[in-house]
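Right, one structure below, let's go through it.
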Amino acid sequence: MTDGRFRVPYAELEARLAQWEAFLSHSGVTRNTPVVLECTTSVPGLLTLLALLRGGTSFALLPPSARAELPPPRFCSLRLRIQDTSPVEPDGIPRPEHLLEISSIADAHAPPAGEASTPERLFVRTSGSLGAPKLVVHTHEGLLGNALNCIERLRLREDDRICVPVPLAHMFGLGAAVLPALAVGANLDLLEGANLPRFLEREQRTHPTVTFLTPHLCAMVLRRRTTPVHYRQAVIAGDRMTPELFASARALFQRIVNLYGCTELGAITAVDPEAGEEPRATSVGRALPDVRIQLRPPKDSEEGEGEPPGTAGELWCQHPFAFQGYLDGDGHPWRGEPFVEDGWYRTRDLCLLHEEGTLEVLGRTDLGVKRDGRLLMLTDIESAVERVCGVERAVAVLGSQGLRGRRLIVFCVPREGQHLEPARVRATCLDLMPGYALPDEIRLLCALPLLPSGKVDRQALRALAMTSPSALQQGFRP
């Protein structure tokens, strides 16, 4: 287990965890009071997380405060931070007293009765890509069960060298990558704040066989590397891949394993790396063991008992390791539209379920707009615009009210070295989509705003859509 600065052999892991647990206990961290862990993707961050899990302490798992836009939950008493500037130990093995800073949280209060005050709980913040972030409540047992559920489908092995450049403070990095890798005893390399030079340097040094990436990071890697090296597979999650990106990634990483999940349920489906001629470019695979999936008509259409194979519908899931509910920042149950009915969780994703049992995610059911009496999915518009020569990525959002309803604005990122003109892109779209689907405006960005999870920050783009194009020229226009 390494992170570029520290290394802990598996033979040393038990002793190091005992040392970490003793330090936490001496510092006042107990299983009876929830705490906040601002977790870096590093060996010290992982050791702290594992010590909290072993001690049965309830904790909120958040990214480092430098990247956090919201205050920590007020029902947590202590904040645990990793000090990345600490000197490297002579033997390369970290010491908690040198690396872990523990401080009180201002305005903290005792947690209310309920999930917030129960031991062995994990609180993970939702991305907030489509609404106000909430705290999702998982049990420690459910988190570990979710991780073990991934191992067989992802076919992780003890002799793997697994590189994890995705955040440890999110369910993809923690539940699908790090904990499964630890469970099989694989060589685990953690990469904090992954950027392209750092990833390529570590890649050359450690020769990973498996990596976990978001589509955005995958695209960055492909700009600098095009020939296969030492990989046997890459696990991709967090957002959709274009067919072109998928083809390029498959040529480099040998196999692409599309994984689909959410903060509330963890991993839901994944492609089997050893499967035959499966449409991997679009499919996110079959449901994981003991996970049940069902398509239903969207809430605003006629209800039914489920959609037949090949028919688009809204995805509902029953998951053996599902979350316990939502909390607000004070530890009270979140009051809003229920997402669970009779044990089935409503994902709000529009999907196709193919006859062979594989799932294809089309987009969010709440990412649609009525135009001329027709329902348009924004993801369909994005796919069409991405077929325009020179467009690397397109994201459609709704702007201010216009004559035909909400204006449809598409933000485009040009391919490296390509020059785009918004008027030309829009004119080309006339040959790719019906007139009622034509975007009202094309705007260019150097890069899309991203959430810490790697997903596109659609709320930030919606805010940009409400501004005039001239306001984008500083810092956004290429």
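Results, tabulated for the structure shown:
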| read-out | value |
| --- | --- |
| Local electrostatic count at residue 383 - Lys and Arg +1, Asp and Glu -1, tallied over other residues with Cβ under 15 Å | -4 |
| GluC sites (Glu not before Pro) within the range 177-283: DSSP coil, no more than 15 neighbouring Cβ in 10 Å | 274, 277 |
| For the chain: relative contact order, % (alpha-carbon pairs under 8 angstrom, 6 or more apart) | 11 |
| Rough spin-label spacing in nm, given labels placed 7 Å along Cα→Cβ, for residue 113 and residue 290 | 3.1 |
| ³J(HN,Hα), Karplus 6.51/-1.76/1.60, whole Hz, each residue of the range 290-295, x for Gly, Pro | 6, 9, 10, 10, 8, 9 |
| Two-site label geometry, residue 70 and residue 200: point separation in nm, points 7 Å out along Cα→Cβ | 3.7 |
| Descending semi-axes in Å of the chain, equivalent ellipsoid built from Cα gyration tensor | 37, 26, 23 |
| Listed residues 455, 134 arranged by accessible area, highest first, probe 1.4 Å | 455, 134 |
| Accessible solvent surface per residue of the chain, calculated while the other protein chains remain in place, 1.4 angstrom probe, Å² | 43 |
| From phi via Karplus (6.51, -1.76, 1.60), per-residue ³J(HN,Hα) for the range 445-451 in Hz, x at Gly/Pro | 10, 5, 7, 7, x, 10, 7 |
| Summed residue charge, Cβ within 15 Å of residue 225's Cβ, Lys/Arg positive, Asp/Glu negative | +3 |
| Zone residues, the range 214-232, relative to residue 251, backbone N less than 17 Å from point 7 Å out along Cα-to-Cβ | 218-231 |
| Accessible-area ranking of 10, 326, largest first, probe 1.4 Å | 10, 326 |
| Pairwise FRET efficiency - residue 141 versus residue 441, Cβ, R0 = 56 Å, nearest 0.05 | 0.65 |
| For the range 202-208, 3J(HN,Hα) per residue [Karplus equation, 6.51 cos²θ - 1.76 cosθ + 1.60, θ = phi - 60°, Hz, x = Gly/Pro] | 5, 4, 5, 7, 9, 6, x |
| FRET efficiency, 1/(1 + (r/R0)^6) with R0 51 Å, evaluated for residue 400 and residue 18 via beta carbons | 0.30 |
| Apportionment of accessible area to carbon and sulfur, the range 1-70, percent (1.4 Å) | 51 |
| Separation of the residue 355 and residue 431 label points, Cα + 7 Å toward Cβ, nm | 3.5 |
| Computed [θ] at 222 nm, helices only, for the chain once each DSSP H run of length n ≥ 4 contributes -39500 (n - 2.57) | -7000 deg cm²/dmol |
| Around residue 263: net Lys/Arg minus Asp/Glu count, Cβ-Cβ under 15 Å | +4 |
| Charge dipole of the range 131-256 about the Cα centre (unit charges at C-beta), most positive-ward option of 246, 175, 208 | 246 |
| Long-range HN-HN contacts of residue 325 with modeled amide H, under 5 Å | 137 |
| Counting DSSP beta bridges with both ends in the chain, the antiparallel % (nearest 5) | 65 |
| Amide H partners (placed H, <5 Å) of residue 42, local residues excluded | none |
| Rounded percent of accessible protein surface that carbon and sulfur make up, the range 118-269, 1.4 Å probe | 49 |
| Residue 364 long-range amide H proximity, modeled H, under 5 Å | 350 |
| Gain upon complete extension [residue 467, residue 98; 0.36 nm per residue less C-alpha separation] | 128.1 nm |
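The values are calculated or read from the model by the stated rules, or taken from the named source; none is laboratory data. Here the structure is a predicted model, which means the values were calculated and not measured. A quick note on method: Cβ atoms are made from the backbone with ideal geometry, for glycine too, and the neighbour counts reach across all protein chains shown. To get the accessible areas, we keep the full protein, side chains included, count just its heavy atoms, and leave off ligands, DNA and RNA. Shrake-Rupley method; radii C 1.70, N 1.55, O 1.52, S 1.80 Å.
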